[in-house]
Amino acid sequence: MSVVRLGHLYPDEMNIYADRGNIAVLDARLRWRDHGLAVDALEPGDRLEPGQHDLFYLGGGQDRDQAIVARDLVATKAAGLRASVEGGAAVLCVCGGYQLAGHGYTAVDGSRMPGLGLLDLDTVAGPTRLIGDLVIEAELDGERHRVVGFENHAGRTRLGPGARPLGTVLSGHGNNDHDGGEGAVAGRVVGTYLHGPLLPKNPWLADVILAWALEHRTGSRLDLPPLDDELERAAHEVAVGRPTRR
Ligand code: GLN
């Protein structure tokens, strides 16, 4: 049995679309396999020691909260996060958190927030919000799966050569409503606009992230035995059907 150590970044400020639901899924899917999850809340002002965490989670937020978090990230956490990622820790960031994992975010009011530079991408808010159900075909670890969720963002995100999209948009807007890409991946850092929350309806994605975190913890790749995902699959199918029924 192994205990994965999760650094939950700004659980109060960055929790706009039930981001805690993602943490609950990670916890349950580990427990059902006789592993465990230890969650460390990383609040404004907290510093982080590289090597202490196997996985980081950064959720979504409104521009106002994002601005507070962006300043704190750069001041107290950016260096530790970059060193952790270099050491093989995984990162999952969603919506506002995804934007801050890039080089920066220019908000609706024109102000510029610095980013972590974990993903080679930049985001600028556009004149309209991109809202609705979102279905993508994602690729991770050489496997392709449909991933579903909800998006609600003003930001238009463009990727540089150092990151690739998490997937291609089947239905919805994605990164910028233009190039057909959604989310971004570089090594074990994954960012996406999908929330609502993301992981309950996408158990494949949850398990990819958990496998990376467990590998960081144990030093070897463990097999995650399959679970009875009947309910999760049913929720996934409802979400896939939703955009086309409108
Ligand atoms: N404030 C960001 C935007 O509007 C992110 C929103 C969110 O996290 N839902 O683009």
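No value in this document is a laboratory result; all are computed from the given coordinates. Here the structure is a predicted model, which is why all the values come from computation and not from measurement. Glycine gets a Cβ as well: all are built from the backbone with ideal geometry, and neighbour counts include every protein chain shown.
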Per DSSP, loop trypsin sites (Lys or Arg not before Pro) in the range 1-97 with at most 15 further Cβ within 10 Å
ARG47
The local net charge around MET14, scoring Lys/Arg +1 and Asp/Glu -1 for residues other than MET14 whose Cβ lies under 13 Å from its Cβ, equals -4
Return a whole-number percent for the relative contact order of the chain, with Cα pairs under 8 Å and 6 or more residues apart as the contact set.
19
What does the charge count near GLY104 come to, summing +1 for each Lys or Arg and -1 for each Asp or Glu among other residues with Cβ under 10 Å from its Cβ?
0
Give me the tail of P(r) for the range 4-87 as a percent: Cα-Cα pairs with distance above 22 Å.
27
Shape call for the range 91-164, from the Cα gyration tensor axes a ≥ b ≥ c (a/c under 1.5 means rounded, otherwise prolate when a/b beats b/c, else oblate), comes out oblate
Which of rounded, prolate or oblate describes the range 117-212 when judged by the alpha-carbon gyration tensor and an a/c cut-off of 1.5?
oblate
To the nearest 500 deg cm²/dmol, what mean residue ellipticity at 222 nm is calculated for the chain from DSSP H runs of n ≥ 4 alone, each contributing -39,500 (n - 2.57), summed and divided by the residues?
-9000 deg cm²/dmol
Reference-scaled alpha-carbon Rg (2.2 N^0.38 Å with N residues) for the chain
0.93
Net +/- balance of residues flanking ARG156 in space, Cβ distance below 13 Å, scoring K and R +1, D and E -1
-3
Taking a quarter of the surface of the Cα convex hull of the range 15-61, what do you get in nm²?
3.8
